[in-house]
Amino acid sequence: MKKLTAILALAALLLPIGVALAQDPPPPAPPAAADSPSGEKQSLWKRYIVPLGWCGYPLALCSIGVVTMIILNTRMVTRKNLMPAGAVVSLRSAADQRDVGQMYSLCRATPNLFTKGLMPGLRKINPEDPAASKPDMEGAIAEAVGREEAQVSFWINFLSLFASISPMVGLLGTVSGMIGAFGKIGSGGMGKPELLAEYIKEALFTTAAGLMIAIPAIFAFFIFRNNLSRIIRDAEGEYSALIDALTGTTNLFAESEAAAPAESES
């Protein structure tokens, strides 16, 4: 997972550069300019961003934003961060002993998506009649998990935002380039095809750059989205087991399913 997201981040960062490199190389600079550090920086900027026209600036920002969101979500949307195994094992042990106070202390000591979702449910338990408080516990946990999931999804959704913006910026650059090309034709530039080629080249490269930024962003968005959904699904199963242990209730359907194979074997 980490290797895949690292590859996506590197691809998103290098996409505008790859688009600019696809065009004809610029003429060689004089030796004096090549020795100058400032001249080298200017040549890199002109080589990678300037060929995209004014759209090169927002596309570069989108590319950096995609890389940043991929790195951030790689560190955040993980089972180790949202649902650590150590905390789950400790909560299971405390639930088997029906020690609500210890479970609450463990949740406060290890704040994460799983424990933050469990704490409101622990507050709803009635020590005198735990079984009757099960619906209230499940409702409080579902509401808390929904809030925690929305907070994590906030950063994942930025990938979808960049995936939507980048092609639109590229399309706007295409329209701008075609307007410039037709403007040259209208001013009598038909006899100089090299002037028209510059505008047409800018129009095509901006579209390509926008799409090449959006593709890895969409891919990363669905990876992180599915990973978060899988963690939430596993957390819901753990919540159900913890509530059953605390309230002394069991899943009758699970018991019947477990008993069915035993009867068939006999």
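A few remarks follow.
- Residue order, fewest to most beta carbons within 10 Å, for 116, 124: 124, 116
- Ranking of 201, 80, 134 by count of other Cβ atoms within 10 Å, fewest first: 80, 201, 134
- Modelled label reach - residue 171, point 7 Å along Cα→Cβ, segment 206-250 residues with backbone N closer than 17 Å: 206-215, 218
- Residues 118, 246, arranged from fewest to most other Cβ atoms within 10 angstrom of their Cβ, appear as 246, 118.
- Linear extension gain, residue 142 paired with residue 68, 0.36 nm per residue minus alpha-carbon span: 23.6 nm
- Distance between modelled label sites at residue 161 and residue 234, nm, 7 Å Cα→Cβ extension: 2.9
Values quoted throughout were computed directly from the atomic coordinates according to the rules given, and no laboratory measurement underlies them. Nothing here was measured: the structure is a model prediction, and the numbers come from that model. Cβ coordinates were reconstructed from backbone atoms using ideal geometry, including for glycine residues, and neighbour counts include every protein chain displayed.
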